[in-house]
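Trainee: The structure that follows is given in the form of structure tokens.
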Amino acid sequence: MTTGLADELTVGSVPRHAARIMATKCALDDGRRQLTFGELDEQVERLASALVAAGVGKGDVVCAYLPNCIEYVLVVLAVARAGAIFSPINPRFKAFEIAALLRLARPRMIFTTTERIRTIDEATARAQQPATELIVVDASGGPEGASRPLAQMLEHPVRPLPAVAEADYFSLMFTSGTTGEPKGALATHRARMLWVLNAAIQYGLNDEDRYLGTMPQVHSAGLTFTLIHLYVGATVRILEHFEPVVFLDIVEREQISSSLTVPTMLTMMLEVLDKSPRPYALGSLKRLVTCGSPLPLPTKRRVLERISKQLYDYYGSTESNSMTVLKPRDQLRKPASVGQPFTNVEIVIAGPDGRALAPNQTGEVWCSNPSVMSSYWDRPEESTSVFTGPWFHTGDLGYLDEEGFLYLVGRSTDVIISGGVNLYPIEIEQVVTLHPAVLDCAVVGISDAKWGQSIKAFVVLRDGQSLTITELQKHCLEYLADYKKPRSLEIVKDLPKNAGGKTVKSALLEPKRRRA
């Protein structure tokens, strides 16, 4: 049995307290089976012991290529307790995308499902990496090749585990930069646990709460909200895929008190409520948190009227994690704001010279945050460039009003936010240009009532070639997750370029641009 966990603020210790004082209370529920806090803690201990016995140690990366499930949470906690670094792989990624992550992370082990083994094998071959041991969470038989079942590891006897410190690395979360190359944000146990503690206080959570986890665990916020609720002894109800009717039914039937969403989810729920022949009883929701992209005022008003008045809107990123929150009392008083800083977080608006600007002046958002990443994985120069002392440069543009409320006005990059997910045009452009009919292309985000933004591709064709949106989407799906495919296509004679040969994307949206 691991000792001294109370002395260090680590992710692996998240279920410990509840396991001691309320061992029989439900911790995880996926609608088919449940784990109590006692069972969760025991299985985490056994899996961590199995990882250590397999040679996994400090500095080793362990990946999860899984959908939302109970096993996902087990893996996160066990990897943390074993002292290794947890790194998620989006379950919607294809081999082309995964290969880039494997080249960078070089994982010691990957947890996945039976149906995803072939994709991992293809990604490994593309990455030209040695075969990584696969742990299959839904297999019941003996080991086959480089894989073995999770069930076998959960039978491993408990053994002494290495000491894990707050300063040790907990996670490697990948995000893409403006170059399209994946970047891994390294964060310590202390950074993640301070986010857990501050959020628990901010949102007023306790062991009577029941949280509906709809956000993918691969996202930093989705994972952290699960950890937050487990830490206070609340029950986490796991939903593998978001469906608005299912969400509303579960909230009503199971008296859900807490949930994290993105604006697209809220829009889809409102559509269901508008068409429903009966009203839903959603009064159990004590807090409905949204993040990822701005919530338009008309939608915000309808959410407050139809779903919950206890609406929170928070702003964060993979690197800087949670920074500000707009509380229910300010939703209509400051509707365009993303709120004020979390406890222990400071925000300044920096001008081109790095000096703090006065209220209502626009500049780059910098934050000083105990939950910020430590560095980018294997990118020392870039890691240094995004910090000025304790201040992290978010790359977002905004301003603070006289009350310290933050307003975002744009991004210093051309990131597209669709359905609360950051999409990076250059990655999509690289795939589009692989199509034999395409000579040149540019990808931009355009306004979309449902998704916030959708992907539009401007394409210059090779002589004598043609291309339809259906053909382009089919091509993209060979390489990319489906949510990254262009939703619209415009054929143009050429792309506007600046003197340096770089495409001027703002000009593409001008009404008088040249078309094919």
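Please treat every number below as a calculation from the coordinates, not as lab data. Computed from a predicted structure; not experimentally measured. Virtual Cβ from ideal backbone geometry, glycine too; neighbours counted across all protein chains shown.
Trainee: Suppose the chain between residue 483 and residue 206 were pulled fully straight at 0.36 nm per residue; how much longer would it get relative to their current alpha carbon spacing?
Mentor: Working: separation 277, 0.36 × 277 = 99.72 nm, distance 3.52 nm.
Contour length minus Cα-Cα distance gives 96.2 nm.
Trainee: What FRET efficiency do you get for residue 272 and residue 465 if R0 is 35 Å and r is their Cβ-Cβ distance, rounded to the nearest 0.05? Please report the intermediate quantities before stating the final value.
Mentor: Numbers: r = 42 Å, r/R0 = 1.21.
Efficiency, rounded to the nearest 0.05: 0.25.
Trainee: Which percentage, to the nearest 5, of the DSSP beta bridges contained in the chain is antiparallel?
Mentor: Details: 52 of 87 bridges.
Of those bridges, close to 60 percent are antiparallel.
Trainee: Under the rule of at least 5 residues apart or a separate chain, name every residue whose amide H is placed under 5 Å from the amide H of residue 395.
Mentor: Residues meeting the amide H criterion: 365.
Trainee: Additional query: Sort 73-79, 128-134, 279-285 by the packing proxy (mean of other Cβ within 10 Å over each peptide's residues), most packed first.
Mentor: Details: 73-79: 26.7, 128-134: 15.6, 279-285: 14.0.
Packing proxy ranking, top to bottom: 73-79, 128-134, 279-285.
Trainee: Does the stretch 97-171 classify as rounded, prolate or oblate by the C-alpha gyration tensor (a ≥ b ≥ c root eigenvalues; a/c under 1.5 gives rounded; else a/b over b/c gives prolate, otherwise oblate)? Before the final figure, lay out each step's value.
Mentor: Details: a/c = 2.55, a/b = 1.15, b/c = 2.21.
The shape class here is oblate.
Trainee: Output ³J(HN,Hα) for the stretch 188-197: one whole-Hz value per residue in order, computed from phi by the Karplus curve 6.51 cos²θ - 1.76 cosθ + 1.60 with θ = phi - 60°, and x for Gly and Pro.
Mentor: Result, rounded to whole Hz: 7, 4, 4, 4, 5, 6, 5, 4, 4, 5.
Trainee: Treating only the Cβ of Lys, Arg, Asp and Glu as charged (+1, +1, -1, -1), what charge dipole size does the chain show about its Cα centre? Round to the nearest 20 debye.
Mentor: On the way: 55 positive and 57 negative charges, 212 e Å.
It works out to roughly 1020 debye.
Trainee: Would you compute, from DSSP H runs of 4+ residues alone, the mean residue ellipticity of the chain at 222 nm, taking -39500 (n - 2.57) per run and dividing by the full residue count, rounded to the nearest 500? Walk me through the numbers before you get to the answer.
Mentor: On the way: 15 runs with 148 residues, N = 516.
It lands at -8500 deg cm²/dmol.
Trainee: While we're here: When only DSSP loop residues count, what trypsin sites (Lys or Arg not before Pro) in the stretch 48-151 have their Cβ near at most 14 other Cβ atoms within 10 Å?
Mentor: Values: sites: 58, 81, 92, 94, 103, 108, 116, 118, 126; in loops: 58, 92, 94, 108.
Passing both the DSSP loop test and the Cβ count: 58.
Trainee: Moving on. Could you count how many Lys pairs in the stretch 416-508 have their Cα atoms under 25 Å apart, skipping same-chain pairs fewer than 8 positions apart?
Mentor: For the stretch 416-508, the number of qualifying lysine pairs is 26.
Trainee: A further question on this structure: Where Rh is the Kirkwood radius over the Cα pairs of the stretch 416-508, the temperature 25 °C and the viscosity 0.890 mPa s, what D in µm²/s does Stokes-Einstein return?
Mentor: Numbers: Rh = 13.5 Å.
Answer from the Stokes-Einstein relation: 182 µm²/s.
Trainee: Multiplying the sequence separation of residue 255 and residue 491 by 0.36 nm and subtracting their Cα-Cα distance, what value in nm do you get?
Mentor: Details: separation 236, 0.36 × 236 = 84.96 nm, distance 5.03 nm.
Extra length available between residue 255 and residue 491 comes to 79.9 nm.
Trainee: If you don't mind, there's one more thing I want to ask. Based on the Cα coordinates of the stretch 242-411, what is the per residue volume of their convex hull in Å³? Don't jump to the answer; show the numbers that get you there.
Mentor: Numbers: hull volume 21.8 nm³, N = 170.
Dividing the Cα hull volume of the stretch 242-411 by its residue count gives 128 Å³.
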